[in-house]
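What follows is one structure encoded as structure tokens, with my remarks underneath.
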Amino acid sequence: MNAFLSFLYLEDGFSNSFKIFIDLFLGYFKGKIMWNDILSGFSLVFQWSNLVAALGGVAFGMIMGAVPGLTSNMAISLLIPFTFYMNNPIAAIAMLMGLSKGGNFGGSIPAILFNIPGTPQAMVTTFDGYPLNKQGKSGKALKIALYSSVMADTMSDFVLFFLAGPVSLVALKIGPPEYSMIILFSLVVISMVATDEPVRGLIAIGLGLLIGIVGLDPLLGTPRLTFGSLHLSAGFQIVPLVIGLLALSEVLRLIEVELHPGVNIQGKRSEKVKGDDNPDNHRVLPHEFRRCLPAIFRGVGIGSIIGIIPGIGTTVASYLSYVSTKRSSKHPERFGKGVIEGVAAAESGNNAVVGPNLVPLVTLGIPGNEAAALILGAFMIKGLTPGPLFMQNNAPMLYALFTVLVISNIFTFLVGNLFVRYVRFVTRLPNEIMYPMILVFCLIGSYVFNSSLFDVLTMFLFGIFGYFLTKLRIPLPPVIVAFFLGPLLERKFRQAFIIAGNKVDIFFTHPISLGFLILTVIVVIVFVLLGRRKSKTSQH
């Protein structure tokens, strides 16, 4: 082991601080770190001020996440100034972490009830959550979303607790070439599994990438496809785009159903009330929960890996978890039509990112996503400096923060159950009230994100665009994922080329990037072969 560590230090030029951190982590299992640090952390947490702060953060975050446009990140930004006046640093950070966890689940509530993702990562939850709602099973969908969220979040927190040291070493290996190939692999997989016709999936990915390049060049700062508009110089915003493509386009389809009853459009709202009074449709039965366990565990694995890598995000983890569960199912054709495994996969994938996203923050001082960056600000306000020496200098504090994460999950379960019990009755409103209410949510959600009327116009334009895409049977989710990942993919590709002196061999000389490139080629070959086999079968 010592020889292996010496090799690592020489190979990568780790500083002494990294060596100290690795030795500390190994010492943990050898008993060198005393358990009294962990017990001291527990004693720091179990104070009324900390518990009330975590509970308040979870409840407020859930409300913010449930209102489209009011994300948990926005809630963290709003409440960070209040942490100046909180003398207890654990209470301040507990409140912010509770906000993040509550907001993550809260985004699934409008996603299931109205097909409006409260947060961008809740987009994947709409795939099966909204169809379940239209079948009169809104309570079942909301509860499996809650159970999956809490389970995945808790299990991923233990990944942070026990594996923060070793996985941070893996995260250090991820540079621009690796980022590029990971994102390319994700986009190819998404395009292939988004529809039965991969060509339409590729078209959707292409549209998303095209929309994503609108704005200023990330390296040169020159405008692209802005047509002289100052509003477009910042590019399109994710929230109005998601609301327009998913929510407004769905409203337009439902209105078409009402105006033309004879038109056969999948997902008429009138189908939703069937069996709405059946108690079994609003609870998760034991055999259904057992059926969802593989999807939850799969989501934990995928979400934890994605969470460790800074910058990838919850949306990708949620989609890959959903795709993996669909591919491994004996009945993949049922996905997208209302199966609880789809909701479990989506929610476990995006919630499993939360804990591991703090790994690079705690171990290296590098925030893994926007929420972690905001929490880093709160750390700095309280005089705490995350990094390799943080565990050595503040061991009880670190264990206290890990414990806060788990306690926040318990509060998410309790508060979430209360939300789920009453919020589903909103779906019993008549169409004359429901459609205007959804439209109002769309308007509010697209406006409050940046307080911009241009975003409202963007939402309407993408709503109409999404309506016509559905007519052409082009899937909407890949458009959104490609739009979200496109700028990051471009940035990392160009950075890799700059590092390599504009030589493409950088993607082949780095083991991780080469591995994902090979996986991408394998995925394409497999889907081509499956497509040919399917076409031959249909001909016979």
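With each label modelled as a point 7 angstrom along the Cα→C-beta vector, the Thr509-Ser40 pair spans 4.7 nm.
Exactly which trypsin sites (Lys or Arg not before Pro) in the range 447-512 are in a DSSP loop and have at most 16 other Cβ atoms within 10 Å?
On the way: sites: Lys471, Arg473, Arg491, Lys492, Arg494, Lys503; in loops: Arg473, Lys503.
Of the trypsin sites (Lys or Arg not before Pro), the ones in loops of the range 447-512 whose Cβ has at most 16 other Cβ atoms within 10 Å are Arg473, Lys503.
Of the cross-linked pairs Lys101/Lys143; Lys134/Lys471; Lys101/Lys137; Lys101/Lys471; Lys326/Lys471; Lys143/Lys326, those separated by over 28 Å at the C-alpha level are Lys101/Lys471. Could you work out how far apart the two model spin labels at Leu472 and Val524 are, taking each label as a point 7 Å from the Cα in the direction of the beta carbon, and quote it in nm? Simple spin-label model gives 2.3 nm for this pair. Count Lys and Arg as plus one, Asp and Glu as minus one, and take only other residues whose Cβ is under 13 Å from that of Leu216; the net charge is then 0. What is the calculated FRET efficiency for Lys330 to Arg283, with r their C-beta to C-beta distance and R₀ = 30 Å, to the nearest 0.05? Efficiency, from the Cβ-Cβ distance: 0.80. In this rough spin-label picture, where each label sits 7 Å from Cα along the Cβ direction, the Asn502-Asn87 distance is 6.3 nm.
Got a sec? Which residues in the range 98-122 would a label at Val440 touch, if it sits 7 Å along Cα→Cβ and we count backbone N under 16 Å? What the label zone holds, given the 16 Å backbone N cut-off, is 114.
No value in this document is a laboratory result; all are computed from the given coordinates. As the structure is a computational prediction, the values presented were derived from the model and not from experiment. Note that we place each Cβ from the backbone using ideal geometry, even for glycine, and neighbour counts take in every protein chain shown.
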